[in-house]
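The values are calculated or read from the model by the stated rules, or taken from the named source; none is laboratory data. These figures come from a predicted structure and were not determined experimentally. Please note: Cβ atoms are built from the backbone with ideal geometry, for glycine as well, and neighbour counts cover all protein chains shown. Surface areas here come from the heavy atoms of the whole protein model, side chains and all, with no ligands, DNA or RNA. Shrake-Rupley method; radii C 1.70, N 1.55, O 1.52, S 1.80 Å.
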Amino acid sequence: MARIAYDDTDAEAFAATRHLTDDGLAAWRHAVTRHLAPEPGMRLLDLGSGTGSWARAFTAWFPSLDVVAVEPSAAMRARSLVRPVLAGDAARIPLDDGSVDGAWLSTVLHHVPDLAAAARELRRVVRPDAPVLVRSAFAGRHEAITLFRFFPEAIRVLDTYPAIADVESAFADAGFATAAVEPVPQVTAPSLREAAVTLRREAHTPLQLITDDEYATGVARLRAAARVDTGPVVDALDLLVLR
């Protein structure tokens with residue numbers, strides 16, 4: 001059960017505001033290439049593919065890669081930029097044993113109620129020694145994410161997410177070992193003004209789970225800063241690589 005519903009309203013907001021530009025994706029392309037080493041004929045699982053922005057990016061970056069998108073939310077699948085998208089979740093991946101050469105999970109694990117079950121299921125479908133690439137905001141690691149500068153009340157939500165150590169422990173029990181942990185910078189928006197104008201509460205789990213007053217106060221902080229800060233919004237999320 002996800003922390004939020006990902007109904008039509010959430011999915012529409014996500015599709016409208018959470019897709020990164022080519023500038024925002026550049027560092028992620030380099031990071032993925034280092035750890036995945038794509039080759040012709042490889043098959044990559046995009047688990048929790050959402051509205052398909054990452055599956056589309058992988059297909060553009062690595063045309064010979066076979067990207068398999070799996071997403072539990074019907075509303076997200078309906079708005080996906082790629083087809084087909086299989087219905088499934090981290091506890092029930094609709095793929096055969098040992099059928100993929102890697103897995104990608106972007107901002108997914110905080111919606112997974114049973115990390116151990118997810119780790120076992122990924123161990124089942126991912127071939128031995130192939131990477132599981134987890135892009136996420138983790139508990140205790142908010143400092144490089146601009147959102148929390150203006151909505152510090154949302155840090156308490158982030159701190160209920162799995163920590164890196166929690167994920168490592170659950171996956172170790174399934175036979176995975178940590179290969180790397182690295183922050184990856186991304187241009188999230190060209191400016192704070194653009195970030196303020198396009199902000200949709202429904203697109204961000206931490207913002208949905210704070211109070212209305214806390215959200216309104218954060219929006220005021222963001223708009224005030226946007227009047228004087230003209231540089232791009234650069235965030236860093238973590239990439240956890242497990243094999």
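Brief remarks on what is shown
- Since only Pro152, Thr21, Ala177 are under comparison, the one whose Cα sits farthest along the positive direction of the charge dipole of the chain, derived from C-beta charges on Lys, Arg, Asp and Glu, is Thr21.
- Summing Cβ point charges (Lys, Arg +1; Asp, Glu -1) relative to the Cα centre of segment 64-154 gives a dipole of roughly 180 debye.
- Full extension of the chain segment joining Leu20 with Val181 gains 55.8 nm, where the gain is 0.36 nm per residue of separation less the Cα-Cα distance.
- Normalised contact order of segment 172-243, rounded percent, pairs of Cα under 8 Å and 6 or more residues apart: 64 percent
- Positive-pole candidate from Val108, Val132, Thr230, dipole of segment 88-243, charges at beta carbon: Thr230
- Whole-number percent relative contact order across segment 124-201, with pairs defined as alpha carbons under 8 Å at least 6 apart: 21 percent
- Solvent-accessible area of Ser80, all protein chains in place: 10 Å² (probe radius 1.4 Å, heavy atoms, ligands and nucleic acids excluded).
- Furthest towards positive pole of dipole, Leu86, Ala119, Leu199, structure part the chain, Cβ charges: Leu199
- Inter-centroid distance (Cα atoms) of segment 71-122 relative to segment 182-237, Å: 27 Å
- Average Cα contact separation per residue, the chain, under 8 Å, 6 or more apart, as relative contact order %: 23 percent
- Per-pair calculated FRET efficiency, R0 = 25 Å: Asp229 and Arg156 via Cβ, rounded to 0.05: 0.50
- Projecting label points 7 angstrom from Cα along Cα→Cβ for Ala117 and Ala5 puts them 2.3 nm apart.
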